[in-house]
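What follows is one structure encoded as structure tokens, with my remarks underneath.
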């Protein structure tokens with residue numbers, strides 16, 4: 001079993017990428033050493049009225065330095081993520097991780113892959129793009145303004161879609177795939193449920209292996225509270241019903257394994 | 001220094017337990033907590049068959065706490081006996097199995113199965129809706145509580161703890177009914193029924209509409225109820241509701257609880273149980289308390 005750690009992490013840097021989108025590097029020691037793309041960490045606020053950890057996906061992992069990068073969205077005024085966004089270099093934050101299973105890298109080795117991110121599902125695709133060994137087509141979807149685009153361009157063939165048509169294909173990630181006549185034999189995706197649902201359907205039509213990273217409200221982050229379940233085709237290992245735990249059995253699932 | 005407490009003849013090495021539903025059967029916490037250091041592990045509720053639980057979202061954060069409507073998802077008694085009890089038997093801690101059901105028959109089926117298992121006690125979750133009584137929780141009707149307790153007690157073959165819901169007019173009435181039915185101990189409080197509306201989505205925060213509120217926000221209510229119940233019955237009381245620190249736990253003990261359970265705090269601090277147990281020892285040292293039992297209900301002496 002993979003090791004998880006709860007520790008205090010020092011903030012190495014913080015920058016605002018776009019209004020409401022922040023990028024933070026953390027000195028996370030052993031958590032960074034254990035982490036794989038697609039995993040997440042629990043981040044704890046210092047506010048005793050906000051008790052539950054915020055699950056945030058890993059955008060980059062620097063094993064040598066023991067650093068982790070998270071790129072996250074501030075979800076509103078006076079939220080936990082807003083508190084995170086106000087932290088500066090040298091501040092400390094309580095974190096736990098690495099959590100979840102991550103994207104299977106072996107499955108994509110030497111294959112032609114789509115790495116698809118949508119909205120705040122974009123960040124975890126960056127570390128995956130850096131680590132995956134194969135032909136990578138990186139397709140990112142944004143509502144309007146874009147972030148992390150330069151970093152994606154350095155790690156594969158980059159395509160983008162915007163809902164307002166301000167850059168790349170006007171529409172969604174599947175529109176970008178069609179417009180550029182792209183093909184793949186494996187898909188990795190992270191993003192909002194409607195996007196994942198459409199990708200799952202696309203993968204099934206084309207008979208492509210597809211891994212999706214799911215999201216659900218979480219409490220413990222380690223598989224005990226059973227809050228973050230998703231409906232699964234197979235009987236789950238915990239309760240022997242059809243409820244896989246996003247935090248522990250996922251967040252990455254085979255698209256054919258889960259209902260979206 | 002003696003931290004031992006005894007509940008219905010079962011001796012715990014210290015008064016700290018886990019609250020049902022916040023610790024699974026301990027497997028997920030093994031990386032963070034040495035289960036040998038706990039007075040007891042109280043498992044997540046188990047029913048006669050697997051329960052799917054409620055639709056998601058199942059939880060929401062509230063100010064100083066959380067609200068849950070998991071719906072008692074569990075693998076059922078067969079898997080539980082094969083997998084969870086042997087896991088817990090590896091540790092030097094007491095095993096208390098929490099039991100849930102929708103009808104007296106369902107409770108009794110589970111209790112009967114457990115009567116042959118190597119466990120120390122059973123805790124009966126009577127906050128479940130009773131299908132035979134218009135989905136009113138068993139624990140909200142004193143007559144039902146006494147009857148169910150007596151039925152369970154007859155076949156359990158080991159001490160039973162009735163876990164009381166706080167969602168009643170007078171918790172001492174329910175506590176006395178459980179005692180009259182033969183309960184060996186009482187645990188309280190279960191969660192307080194609440195509701196939260198997500199104004200952006202213009203709907204309920206949890207899919208079940210209502211959920212059970214827990215965490216530090218509910219602690220004063222829990223301490224009050226434990227105090228009331230401890231003064232209304234002779235059987236030992238296990239106190240819980242928002243315990244996150246040793247000081248929280250000590251409030252319950254001074255109010256009359258023989259043991260305490262750490263619940264929601266496990267979700268944001270996986271080592272909360274151990275920290276509470278260590279903190280109690282530290283308090284005893286600071287206050288030169290020889291035996292923990294000296295502290296139980298001591299507020300009455302100072303009233």
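Remarks
- Residue check for residue B:66: in contact (Cβ under 8 Å) with a residue 24 or more places away in the chain, part of a strand (DSSP E or B) and within 14 Å of another protein chain (Cβ to nearest Cβ): yes
Each row is one residue, and each column tells you yes or no for (1) within 14 Å of chain A (Cβ to nearest Cβ); (2) part of a loop (DSSP other than H, G, I, E, B); (3) more than 25 Å from residue B:33 (Cα to Cα).
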| site | (1), (2), (3) |
| --- | --- |
| B:49 | yes, yes, yes |
| B:53 | yes, yes, yes |
| B:70 | yes, yes, no |
| B:81 | yes, no, no |
| B:92 | no, yes, no |
| B:97 | no, no, no |
| B:106 | no, no, yes |
| B:111 | no, no, yes |
| B:123 | no, no, no |
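- Test for residue A:61: is it within 30 Å of residue B:263 (Cβ to Cβ) and not in a loop (DSSP other than H, G, I, E, B): no
- Screening segment B:257-282 for residues that are within 16 Å of the chain's Cα centre (by Cα) and not in a helix (DSSP H, G or I) and picking the one that is farthest from the other protein chains (Cβ to nearest Cβ) gives B:258.
- Boolean, residue B:178 is surrounded by 17 or more Cβ atoms within 10 Å (Cβ to Cβ) and touching a helix residue (DSSP H, G or I) at 6+ places or on another chain (Cβ under 7 Å): yes
- Filter pass, residue B:222 being more than 12 Å from chain A (Cβ to nearest Cβ), outside any helix (DSSP H, G or I) and touching a residue at least 24 places away in the same chain (Cβ under 8 Å): no
- Condition check for residue A:225: farther than 30 Å from residue B:271 by Cα and buried (at least 24 other Cβ atoms within 10 Å of the Cβ): no
- Residues in segment B:89-113 that are closer than 18 Å to residue B:150 by Cβ and surrounded by fewer than 23 Cβ atoms within 10 Å (Cβ to Cβ): B:103, B:104, B:105, B:106, B:108, B:109, B:112.
- Taking the criterion of being in contact (Cβ under 8 Å) with a residue 12 or more places away in the chain and in a loop (DSSP other than H, G, I, E, B), the residues of segment A:180-197 that qualify are A:180, A:182, A:183, A:184, A:185, A:191, A:192.
- When segment A:230-260 is filtered for residues that are under 17 Å from the mean Cα position of the chain (by Cα) and either closer than 21 Å to residue B:26 by Cα or at pLDDT below 95 (or both), the ones remaining, listed by number, are A:245, A:246, A:247, A:248, A:249, A:250, A:260.
- From the list A:78, A:47, the lone residue that is farther than 26 Å from residue A:245 by Cα, touching a helix residue (DSSP H, G or I) at 6+ places or on another chain (Cβ under 7 Å) and in a loop (DSSP other than H, G, I, E, B) is A:47.
- Search result, residues across segment A:206-221 that are surrounded by fewer than 24 Cβ atoms within 10 Å (Cβ to Cβ), assigned to a loop (DSSP other than H, G, I, E, B) and either touching a helix residue (DSSP H, G or I) at 6+ places or on another chain (Cβ under 7 Å) or within 14 Å of chain B (Cβ to nearest Cβ) (or both): A:214, A:215, A:216, A:217
Conditions tested, residue by residue: (1) touching a strand residue (DSSP E or B) at 6+ places or on another chain (Cβ under 6 Å); (2) closer than 23 Å to residue B:275 by Cβ; (3) in contact (Cβ under 8 Å) with a residue 40 or more places away in the chain.
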site: B:168; (1), (2), (3): no, no, no
site: B:179; (1), (2), (3): no, no, yes
site: B:193; (1), (2), (3): yes, no, no
site: B:210; (1), (2), (3): yes, no, yes
site: B:234; (1), (2), (3): no, no, yes
site: B:247; (1), (2), (3): no, yes, no
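- Within the option set B:26, B:39, B:45, B:30, being more than 8 Å from chain A (Cβ to nearest Cβ), under 19 Å from the mean Cα position of the chain (by Cα) and surrounded by fewer than 24 Cβ atoms within 10 Å (Cβ to Cβ) holds for one residue only, B:26.
- In segment B:24-64, the residues that are touching a strand residue (DSSP E or B) at 6+ places or on another chain (Cβ under 6 Å) and at positive phi: B:26
- Some residue of segment B:1-13 being under 20 Å from residue B:272 (Cβ atoms) and in a loop (DSSP other than H, G, I, E, B): yes
- Matching residues in segment A:183-198 - criterion: being within 16 Å of residue A:112 (Cα to Cα) and surrounded by 15 or more Cβ atoms within 10 Å (Cβ to Cβ): A:184, A:185, A:186, A:187, A:188, A:189
- Residue match in segment A:168-179 (condition: within 14 Å of chain B (Cβ to nearest Cβ), touching a helix residue (DSSP H, G or I) at 6+ places or on another chain (Cβ under 8 Å) and assigned to a strand (DSSP E or B)): no
The values are calculated or read from the model by the stated rules, or taken from the named source; none is laboratory data. A quick note: this is a predicted structure, and the numbers were derived from the prediction, not measured. As a convention, Cβ positions derive from the backbone with ideal geometry for all residues, glycine included, and neighbour counts pool all protein chains shown.
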